[in-house]
Each structure stands twice: as C-alpha cells, then as structure tokens.
Amino acid sequence: MSDLRWAVVGTGGISRRTVPDLRAVPGCAVTSVVSRDQARADAFAAEWDLPRAFGDLTTALSSDAFDAVYIGTPHPTHYVLAKAAMEAGKHVVCEKPLTMSSVEAAELADLARDRGVLLLEAMWMSFSPAVRRVLEVIGSGEIGEPRLLQAGLGFAVPAHARRYWEADLGGGALYDMGVYSLTLADLVLGDVASIDVVGDVQADGVDLEDTVTLRYAGGGTASLMTSIVTFIPPRGWIGGTKGSIDLGERLFSPESLRIVLGRPPEPPHVRDEAFPLEGSGYLPMFRAAAEAIRAGEVEHPWHPHARTVRIQELMERIRVALSG
Ligand SMILES: NC(=O)c1ccc[n+]([C@@H]2O[C@H](COP(=O)([O-])OP(=O)(O)OC[C@H]3O[C@@H](n4cnc5c(N)ncnc54)[C@H](OP(=O)(O)O)[C@@H]3O)[C@@H](O)[C@H]2O)c1
C-alpha cells in the first residue's frame, strides 16, 4: 500500500535513472509523469507503466493524481517548476542545482516553510551511506582535525548534450558537476573564508573548466576541479591531522572508503569499508525524502535549505571570479 504518490517531471536522462529507485522506496508509488509534450508523456508512462501522463504542468498540478514531484529537468527550469508545485501544495524533490541563483533558492525555501511542504535539492551525495560514514569517522576524531580536501569530477561532454553547452539551459561545468565537490567540502570543512579560481569560460558565460581553491574559516583548505572538456576522475580525498579518508571512484555516491592512519616512516594502518549501492544510489535520498514528508518536515537535516543556498552563493562568487 502506497501512502506517497509521486510525479516525475521531465522525460530525459535523469528521470529514467531515478524512477526505479523512487518506486523501490517502501510506501512510494510513481503514479504520474509530466512533460512539455503529451506524446512524450504518453511514451514515458507506457515505458514505466505509470497510470497518468500529463502533457502540461498546469493540468498536472491541478489534479489529485500525486502528492509530490521529482523534478528532473535542466537547471534554469527548476525554479519555476518547484515554485508552481509548492504553490499547488505538492512536496518537491528537485535535481541539483536547485536554482540558478541563491536568491531564487532562498525564495523557494521560504515558500516551502509558508506552504508546509518538503523542499529538497536532490543532492544524493549528502544521503549516501558512505558519505554519512565519512562524517561519522571525522566526528569520532579518528583522522584528527580535517584540514585538506581534494575533489573533482569532469568529462568531455559531447556536443549533442545541449544542456551542458547552452547558456540558456544552464550550461557549464560548475553548476552541473562542481556542485558535488563544493557540497562535500561544505559537509566537511564548514564556512568559506576566501576563494581563488582559475579556469576557462566562454564569452556566453558557459564555464568549460574550473580549478577552485577555498580557504575555510576553521583553517581548512579545499582544492576542487571540474570540467566539461577534460576527464577528471570522480574522486574525493580528505586529509586530517592523524589520517585520511579516500572516497573511492564515485564521488557523487561512493561505494567504498579507504581510511589510512599513521605517521611515516611507520607503515600506515589501512582499512577499507564497502558500501554496496542501493538501487542506482538514489534510493537513500528518496527514502529520506519520504520519511521527512511523513514527519511533516519542510527540509531534511542531512541536506538543509541553508546548505543549498550557501552552495548557490559560492557558485555565484566563483562564476563572477571566473568571468572577471
Ligand atoms: N543526480 C544525478 O545523478 C544527475 C545526473 C544527471 C543530471 N542531473 C540533473 O538533472 C537535471 C536534468 O538533467 P538530464 O541530463 O536528465 O537533462 P535532459 O535529459 O537534457 O532533460 C531532461 C528533460 O527535461 C525536460 N525539459 C523541461 N524543460 C526543458 C527545456 N527548456 N529544455 C530541454 N528539456 C526540458 C525534457 O523533458 P520533456 O521534453 O518531457 O518536458 C527533458 O527530456 C539537471 O538539472 C542535472 O543537473 C542529475
């Protein structure tokens, strides 16, 4: 028996990847799809065996076919879609980045509070059991005080993947991929004191490659890279005063951690921990969203509105620094 009925908004790549994880959460059913086009909605509904297919948002939001939406559309569309959904009383899980500006993100957070609905940026990394374990290990003091963090994610995006290349579709590396490294650094190191940026940005504002060094108020430093023209292994590494944590090969949803303790020249103590993915890795986030909705929460403590807004502000500052 399902107590939470979901609509998926957008019939593209990420919706296809997330539907199986969303419908695998106990008590959750995907009942609807919303597209800009009825034929695409019908095709998606047939492919995934969904009872309702909507070819426009207004009709969808005035229906009683679902309680919550998962928004899987290009970044610049998120604000309008999330706002409309919350105004219609629907809970919202929206792909990263939540918006294209911190002002919009803060406005959506206020609206969620006003309407009493959940608003969650779909930053699945914050819900990954491996990342939760990273925070636990750091909290235990095992690697000492975290001081250095390196993280990266990038690949040579083909020209046909339009949303990465077109400014109007939110193109560029930072908002799509850099957002992960910035979120990891925020989780581990806290408040940013200063930013240095080098990179390549096109005349239309689409950033091709960014190398960002952040100094944190607590004394830590993060070195982050992202690119849509160069492969950057999706890795993260945290160095503390007593040891380090390596987040393996899937920064956005790690499957393993390597914890290394020691002081050279003594041989290090190495411990590997495995975190098999649930579904495609989105499941823990959707489960957390469902639990938050049932508890009447408007945000989730593992990825609160304040973090989303903070990261949006950082991305704005990085973009200004890149273009300057
Ligand atoms: N968490 C992750 O692992 C992950 C991975 C990839 C992407 N994402 C995020 O998911 C979002 C979508 O990425 P995607 O790769 O799925 O994009 P995509 O395949 O290019 O597009 C997704 C869908 O959005 C809909 N859409 C609505 N307005 C649109 C517009 N103005 N132009 C084009 N399409 C529009 C389209 O569906 P209809 O034609 O049916 O309306 C399209 O099929 C992005 O914000 C991205 O950051 C997250």
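Data for the structure
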{"quantity": "Dipole magnitude of region 125-280 about its Cα centre (Cβ charges: Lys, Arg +1; Asp, Glu -1), debye to nearest 20", "calculated": "460 debye"}
{"quantity": "Whole-Hz couplings from phi, Karplus 6.51/-1.76/1.60, listed for region 238-245; x for Gly and Pro", "calculated": "10, x, x, 5, 10, x, 9, 10"}
{"quantity": "1.4 Å probe accessible area per residue over the chain, in Å²", "calculated": "42 Å²"}
{"quantity": "Surface accessible to a 1.4 Å probe, Phe252 within the full protein complex, Å²", "calculated": "40 Å²"}
{"quantity": "GNM top mover of Trp48, Trp124, Trp237 - the chain, alpha-carbon springs below 10 Å", "calculated": "Trp48"}
{"quantity": "Nearest-0.05 FRET efficiency for Arg263 and Ser101, computed from C-beta distance (R0 56 Å)", "calculated": "0.75"}
{"quantity": "With every protein chain in place, region 125-280: carbon and sulfur % of accessible area (1.4 Å)", "calculated": "54 percent"}
{"quantity": "Positive-pole candidate from Ala105, Leu81, Phe155, dipole of region 76-163, charges at beta carbon", "calculated": "Phe155"}
{"quantity": "Global geometry of region 87-217, whether rounded, prolate or oblate, following the gyration tensor of its Cα atoms and the 1.5 cut on a/c", "calculated": "oblate"}
{"quantity": "Positive dipole terminus of the chain, leading residue within Met315, Ala60, Ala292 (C-beta point charges)", "calculated": "Ala292"}
{"quantity": "Estimated vicinal HN-Hα couplings, Hz - region 177-192 in sequence order (Karplus 6.51, -1.76, 1.60; Gly, Pro = x)", "calculated": "10, x, 4, 5, 5, 5, 5, 4, 5, 5, 4, 9, 10, x, 7, 7"}
{"quantity": "Sulfur and carbon atoms: percent of accessible area, region 1-119 [1.4 Å]", "calculated": "53 percent"}
{"quantity": "Gaussian network model of the chain, Cα within-10 Å springs - most flexible of Ile238, Ile228, Ile138", "calculated": "Ile138"}
{"quantity": "Debye log10 I(q)/I(0) at q = 0.07, 0.10 Å⁻¹ for the chain, Cα point scatterers", "calculated": "-0.28, -0.58"}
{"quantity": "Net length gained if the chain between Asp168 and Arg317 were fully extended (0.36 nm per residue, minus Cα distance)", "calculated": "51.7 nm"}
{"quantity": "Nearest-20 debye value, the chain charge dipole, Cβ charges on Lys, Arg, Asp, Glu", "calculated": "420 debye"}
{"quantity": "Tensor-based shape of region 125-280 (alpha-carbon gyration tensor, a/c under 1.5 rounded, otherwise prolate or oblate)", "calculated": "prolate"}
{"quantity": "Of the trypsin sites (Lys or Arg not before Pro) in region 82-154, those whose Cβ has at most 16 other Cβ within 10 Å and which sit in DSSP loop", "calculated": "none"}
{"quantity": "Choice from Ser140, Ser223, Ser32 showing the highest fluctuation, given a GNM over the chain with Cα pairs closer than 10 Å", "calculated": "Ser140"}
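The values are calculated or read from the model by the stated rules, or taken from the named source; none is laboratory data. The structure presented is a predicted model; accordingly, all values stated were derived computationally and were not measured. Quick reminder, even Gly has a Cβ in these numbers, built from the backbone with ideal geometry, and neighbours come from all protein chains shown. Only protein heavy atoms, including side chains, enter the accessible area calculation; ligands, DNA and RNA are left aside. Shrake-Rupley method; radii C 1.70, N 1.55, O 1.52, S 1.80 Å.
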